[in-house]
Amino acid sequence: MNPFTYARAAGASDAVQQGGSDGAKYLGGGTNLVDLMRETIERPASLVDVTGFSREIEELPGGGLLIGAGVRNTVLAGHSRVRRGYPVLTRAIVSGASPQIRNMATVGGNILQRTRCAYFYDEAGSRCNKRKPGAGCDAIGGFTRNHAIFGASSSCVAVHPSDMCVALAALDAVVHLRGLGGERRIALADFHLLPGDRPDIETRLEAGELITGIELPPLPGKVRSTYRKVRDRSSYAFALVSVAAVLEIEDGHVRDVRIAFGGVAHKPWRAARAEAVLRGSPAESSAFAMAADAELAAARTLAGNAFKIELARRTMVAVLEDLAGGEIA
Ligand code: SF4
């Protein structure tokens with residue numbers, strides 16, 4: 001591990017003052033960043049600890065929630081208002097990592113965790129454009145069971161590892177940011193980037209900007225939501241495919257639906273084509289399958305991950321059937 005300085009920020013204002021210096025990184029729970037520092041993939045000159053503030057979950061006027069970036073994953077998943085109103089988020093969080101890691105990990109850090117592509121971590125033996133722009137990508141033509149089927153490029157085929165972010169994408173969550181220039185907000189669905197020819201640039205964060213919170217818009221009372229994750233082991237494994245879905249049915253038809261996939265792209269993949277097919281359709285299995293096919297027609301597979309298309313299709317249909325419950329034909 002390289003030498004670095006450490007300072008604990010007193011609040012968001014203090015943090016962005018310190019975080020603006022060259023080579024500074026914000027430290028949340030450290031459950032990914034410290035691993036990357038041990039491997040010398042991340043080499044910050046200084047760490048600004050931001051875990052001492054933004055730890056509240058507040059009700060917003062109008063019914064949504066504002067979740068502080070320093071809230072631990074376990075606290076968020078277990079919060080009564082989240083469990084009741086946004087079960088897709090609770091289920092996504094508890095499907096990730098282990099209880100010990102969730103006790104440490106923060107909301108802000110979860111959003112910024114980096115891919116678990118094995119070639120990215122193999123600094124000594126593999127080429128990786130994300131680690132070193134222009135170096136090449138040994139995943140392409142290598143072991144690609146876990147890699148992307150949507151939005152990949154000839155520079156990078158990695159996937160985003162977060163479960164929580166998949167649920168947030170389906171919930172139309174909004175990321176609150178603070179930098180030296182002031183505050184701004186950005187939709188979670190727009191926050192992460194596809195790899196293009198610069199896979200090292202993963203988000204729309206500007207230099208020194210700090211995530212201060214996540215806003216969850218209110219959901220209509222009749223909406224149901226859930227998250228399903230398919231993986232190689234039943235715990236402590238990243239998704240091969242996951243689906244977050246929010247569904248509202250009225251008179252046997254889909255009034256509104258939001259679907260996001262995990263494990264398939266460099267960012268949480270909002271299934272806009274499937275949603276367009278479903279809105280106004282009968283809430284029945286054949287419509288769910290047609291919508292999945294519409295989304296997956298755009299998928300592009302690699303040598304080792306063609307199975308993800310059928311897996312994603314079946315998972316999406318099963319999730320929607322579960323949410324529709326007794327209302328489907
Ligand atoms: Fe690096 Fe992306 Fe290639 Fe993995 S897929 S080795 S992260 S460039």
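Can you pull the Rg over Rh of the range 40-167, Cα-only, Kirkwood? Intermediate results must be reported in sequence, preceding the final value.
On the way: Rg = 17.5 Å, Rh = 16.8 Å.
Ratio value, two decimals: 1.05.
If you take the square roots of the eigenvalues of the alpha-carbon gyration tensor of the range 5-51 and sort them as a ≥ b ≥ c, do you get rounded (a/c under 1.5), prolate (a/b over b/c) or oblate?
Numbers: a/c = 2.88, a/b = 1.61, b/c = 1.79.
Note, shape of the range 5-51 comes out oblate.
Quote to one decimal, in nm, the extra length available between Arg81 and Met290 on full extension: 0.36 nm per residue of separation minus the C-alpha distance between them. Intermediate values should be presented prior to the final figure.
On the way: separation 209, 0.36 × 209 = 75.24 nm, distance 3.40 nm.
Here the segment from Arg81 to Met290 would lengthen by 71.8 nm.
Take the range 224-324, drop everything but the C-alpha atoms, weight them equally and run the Debye formula without solvent; then report log10 I(q)/I(0) at 0.14 Å⁻¹ to two decimals.
-0.48
How large is the Rg to Rh ratio of the chain when both quantities use alpha carbon positions and Rh follows Kirkwood?
Details: Rg = 19.6 Å, Rh = 20.3 Å.
Checking Rg against Rh, the ratio lands at 0.97.
Under a plain spin-label model, where a point goes 7 Å from the Cα along Cα-to-Cβ, how far apart in nm are Ala7 and Ala276?
Roughly 4.9 nm, to one decimal.
Between Val264, Val223, Val88, where does the largest GNM mean-square fluctuation fall for the chain, given springs only between Cα atoms within less than 10 Å?
Comparing Val264, Val223, Val88 in the GNM, the peak value goes to Val223.
Compare the Cα positions of Val82, Ala92, Ala124 along the charge dipole of the range 45-141 (+1 at Cβ of Lys, Arg; -1 at Cβ of Asp, Glu; about the Cα centre) and return the one farthest towards the positive end.
Ala92
Considering only lysines 8 or more places apart in sequence, or on different chains, count the pairs in the chain whose C-alpha atoms sit under 17 Å apart.
Details: Lys130/Lys267; Lys229/Lys267; Lys229/Lys308; Lys267/Lys308.
Taking the chain as the scope, the lysine pair count is 4.
In nm, to one decimal, how far is the modelled label at Ser21 from the one at Glu250, with both set 7 Å along Cα→Cβ?
For Ser21 paired with Glu250, the spin-label model returns 5.6 nm.
Sorted by packing (mean other beta-carbon atoms within 10 Å per residue), highest first, where do 314-322, 167-175 land? Provide the component values of the computation, followed by the final result.
Numbers: 314-322: 19.6, 167-175: 26.1.
Listed from highest to lowest mean packing, they are 167-175, 314-322.
How large is the helix-only mean residue ellipticity at 222 nm for the chain, computed as the sum of -39500 (n - 2.57) over DSSP H runs with n ≥ 4, divided by its residue count, in deg cm²/dmol to the nearest 500?
Values: 13 runs with 98 residues, N = 329.
Computed ellipticity for the chain at 222 nm equals -8000 deg cm²/dmol.
Can you pull out the GluC sites (Glu not before Pro) in the range 51-92 that DSSP calls coil and that have at most 16 other Cβ atoms within 10 Å? Show your work: numbers first, answer last.
Working: sites: Glu56, Glu58, Glu59; in loops: Glu56.
The qualifying sites are Glu56.
DSSP loop GluC sites (Glu not before Pro) in the range 172-281 with at most 13 other Cβ atoms within 10 Å of their Cβ, which ones?
When the GluC sites (Glu not before Pro) of the range 172-281 are filtered for loop state and at most 13 Cβ neighbours within 10 Å, Glu206 remain.
Measuring from the lowest to the highest alpha carbon on each principal axis, how far does the range 19-79 reach, largest first, in angstroms?
Extents along the principal axes, in whole Å: 44, 25, 16.
How far is it, in nm, from the label point at Asp200 to the one at Ile186 when both lie 7 Å from their Cα along the line to the Cβ?
Between Asp200 and Ile186, the simple spin-label model gives 1.8 nm.
Could you state the angle between the C-alpha long axis of helix 307-324 and the longest principal axis of the C-alpha atoms of the chain, as a value from 0 to 90 degrees rounded to the nearest 10?
Once rounded, the angle reads 60 degrees.
Would you work out the charge dipole size for the range 224-324 about its Cα centre, treating the Cβ of every Lys and Arg as +1 and the Cβ of every Asp and Glu as -1, and quote it to the nearest 20 debye? Could you put the intermediate results ahead of the total?
Numbers: 15 positive and 12 negative charges, 115 e Å.
Around 560 debye, computed over the range 224-324.
We did not get these values from a lab; they are worked out from the coordinates using the rules stated. This is a predicted model, so every value here is computed, not measured. Cβ sites come from the backbone with ideal geometry, for glycine too, and all protein chains shown count toward neighbours.
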